[in-house]
Amino acid sequence: MLKELILICYLLCIILCVSGLTIAMLVNRKNKKGISKNLAFFLMGILVICCYDMAIYYSDYVLGIFSNLKVLRIGSCLIAGTLYLWTDLQDRIIKREALSMLDKLVKRYQLFYMVLWLVLTFTMSIEQFYAFKWLLLATDIMLIIASITVCVGHIIYASTAGKKEALYYIISVTTMVIWNYISYFWGETSVYWGNSKFIREPLDLTVVLWLGISLVTMFYEYKMDFVPEFFNKEPEEEKHKKNLQERIDEVCVEYKLTPREKEFIELIYSGKSNKEIAEILFLSESTVKTHIYNIFRKMNVKSRVGVIYIVNEENEDELPRH
């Protein structure tokens, strides 16, 4: 009975992933600047892992054809790839320049890990794997620490920016992804010390975690992308103003701008000159210039164009820097 339930969970997970991918593709057709593409890649990673795990489970416990260590080792590489996609998705959701360097370092290590062990899987014998078990242990621990570190960084920024939906989503998925990888890692290390039968069967229940990840991801995608694009009847002009105001609020939090400087950002974005801003805010032009200089300094740009680029979330390479 347990075997049938586990297989049903795998099938449900696959159905959820395919449903999420369908939603992502529909949203991406209407809005290519959103996070739907990153969500689609992440769901694709989960779908590949579920199909892989289901094939191993069916082979081991239904057909009785047990997988060797090389086949199991590919699973770690797939999970590392999914962690890479998860880091990239968080980066796209939070959009914090302060975390960009950490994101890049962690993603590079995740890719390095995945490629390294794919190569070693097909070039080293099982005996050699046993001989290098401490190296395996070290790289796995580094992967876990790096992935947790970048996730914690995104969680902190999501909480300070007031993004409740993103905060809850990142916390829930991070918990399940990391726990799943630790379980997989624990299962592998148990193989090295000959305890595979003891640890293998409980680890088969990790499909529940993949099921949970695919469920909350599809729900987040539906609520944050699909509903606004297909069910929001708000006029486009009003919708744009609302989104612009939210983005300006995010910029003010990110660059620690004062409420007064926020007024300047809004007027700069609307194309007002120094003279027009002075008249609107009842200030002298020299005071206006001082405020604008301070804004440029905080945002690390040279001109109004740079401010507009940041508000519009344009490519960083196009921003004029000091």
- [ ] Could you check how many residues of the stretch 20-53 are surrounded by 15 or more Cβ atoms within 10 Å (Cβ to Cβ), out of contact with any Ser or Thr (no Cβ under 9 Å at 6 or more places or on another chain) and in contact (Cβ under 8 Å) with a residue 60 or more places away in the chain?
- [x] 3
- [ ] Being modelled with pLDDT under 55, part of a helix (DSSP H, G or I) and among the basic types (Lys, Arg) narrows it down to one of Lys241, Lys223, Lys197, so name that one.
- [x] Lys197
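Listed here are the residues, each with its yes/no results for (1) touching a Phe, Trp or Tyr at 6+ places or on another chain (Cβ under 7 Å); (2) assigned to a helix (DSSP H, G or I); (3) over 16 Å from Thr149 (Cβ atoms).
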{"site": "Met44", "(1), (2), (3)": "no, yes, yes"}
{"site": "Met54", "(1), (2), (3)": "yes, yes, yes"}
{"site": "Leu72", "(1), (2), (3)": "no, yes, yes"}
{"site": "Ser76", "(1), (2), (3)": "yes, yes, yes"}
{"site": "Ala80", "(1), (2), (3)": "yes, yes, no"}
{"site": "Arg92", "(1), (2), (3)": "no, yes, yes"}
{"site": "Met101", "(1), (2), (3)": "no, yes, no"}
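Can Tyr57 be described as crowded, with 16+ Cβ neighbours inside 10 Å and under 23 Å from the mean Cα position of the chain (by Cα)?
Working: crowded, with 16+ Cβ neighbours inside 10 Å: yes; under 23 Å from the mean Cα position of the chain (by Cα): no.
No: the conditions fail for Tyr57.
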Open item on the list: The conditions are (1) surrounded by fewer than 19 Cβ atoms within 10 Å (Cβ to Cβ); (2) in contact (Cβ under 8 Å) with a residue 40 or more places away in the chain; (3) farther than 30 Å from Tyr58 by Cα; (4) of a type in the set (A, V, I, L, M, F, W, C), and Leu118 fails exactly one of them. Which is it?
Closed with: (3)
- [ ] Please find, within the stretch 153-167, the residue that is farthest from Cys252 (Cα to Cα) out of those that are free of Cβ contacts under 8 Å to residues at least 12 places away in the same chain and surrounded by 12 or more Cβ atoms within 10 Å (Cβ to Cβ).
- [x] Ile156
Task: For Leu215: the one exception among (1) within 30 Å of Ile170 (Cα to Cα); (2) at pLDDT below 90 - done: (2)
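Taking the residues in the stretch 226-238 that are among the acidic types (Asp, Glu) and in a helix (DSSP H, G or I) as candidates, determine which candidate is modelled with the highest pLDDT. Break it down stepwise before answering.
Let us first name the residues in the stretch 226-238 that are among the acidic types (Asp, Glu), namely 229, 234, 236-238.
Subset that is in a helix (DSSP H, G or I): 229, 236-238.
Working: Glu229: 77, Glu236: 49, Glu237: 52, Glu238: 51.
Looking at the filtered set, the residue picked out is Glu229.
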Task: Number of the condition not met by Ile65 [criteria: (1) assigned to a helix (DSSP H, G or I); (2) more than 18 Å from Cys151 (Cβ to Cβ)] - done: (1)
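The values are calculated or read from the model by the stated rules, or taken from the named source; none is laboratory data. Quick caveat: nothing in here was measured; it's all calculated off a predicted structure. Neighbour counts run over all protein chains shown; Cβ positions are idealised from the backbone, glycine included.
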